[in-house]
Each structure stands twice: as C-alpha cells, then as structure tokens.
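This report concerns only the one structure given below.
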Amino acid sequence: GYAWKLYAPPVAQTVTIGTAGTAGTSGGGTGGTGGTTSVGAIVTAAGGVGGVSGGAGGTGGAGASGNLNLVGETGSNLSGAGNQAGLGGASPMIGVGGPNNLGAGLAPPANTGGGGGGGRNNGADQAGGAGAVGLVRITEF
C-alpha cells in the first residue's frame, strides 16, 4: 500500500520499514506477505500478500491514516494463458507490476505494496511470488 500524510510533528517518531515477503518454496508454496511500513502511529502502509501456488496473485497492501491512502495492485494469475505465472502487482504511485514469467510467480517491484504473482507452469503448481513492503511518505510543515 501507499500512504501520504501532511503532518506537524510535536515529537520525534519511530520509523519502521517492513521486510519484503519471501518467495514460495519450489514445487508450489505460497509467497510471503510484505511487511508494514509506518511512522509511529501516525501513518502506515501494509505490504502486499504473496501469490498463491497454482492460483491467484496476492492482494495489494493498503495505506492507512494518511491524507492520501492507496491500495497496491493485486498480482495476477495468467494460468489460462499458456499456463504462465502471474505478474506481481503494482503501486498506484510507483508504476507497473513485475514481468510475466513461465514458472514461479514473480514479486512486484520493491517498496510498492503490490501483491505477488500466482505460480503455474504447464499445469504444475509453482512457487507464488513474494509480496512487496508498503511505502509511506511524510511531508512536514
């Protein structure tokens, strides 16, 4: 997800950067969910969910408590198109998702909050792509 907040901070805040999700295990594991990025309790952006092996792409994470909150794109599942794996999802503020692949699902670009692609290859389940971490932007005034 993506969250932008205009804020006049009275005190210092702790910034937490989420960790990237992990790719699914070979032979058909679901990708891990990307971590949540936050600035104190002021604003947060959840990471995308990992792609499912042989199934759907993971859902994008969502921004929260910002002046502008956006949801990362859901990773796709292209198993009906030549049994290709799905693309990783994009962020509305960052750009496109990960490229198409024949085999394991692909992760979205880093720090986008997008979901991982579903994994499939010639009818066999493959590893799902990892979800990306969320992105937070603060403007102090």
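A short reminder: the numbers here are calculations on the coordinates, not readings from a lab. Note that the coordinates shown come from a computational prediction; the quantities given were computed from them, not determined experimentally. Positions of Cβ are generated from backbone atoms using ideal geometry, with glycine treated the same way; all protein chains shown enter the neighbour counts.
Observations on the structure shown:
- Size descriptors for the range 1-77 (Cα atoms only): Rg and Dmax, in that order, 14.7, 51 Å.
- Near the amide H of Ser53, within less than 5 Å, lie the amide hydrogens of Thr30, Gly31, Gly119, Gly128, all on another chain or at least 5 residues away, with H placed in the peptide plane.
- Sorted peptide list for 38-49, 10-21, 59-70, 126-137, criterion being average Cβ within 10 angstrom, highest first: 126-137, 38-49, 59-70, 10-21
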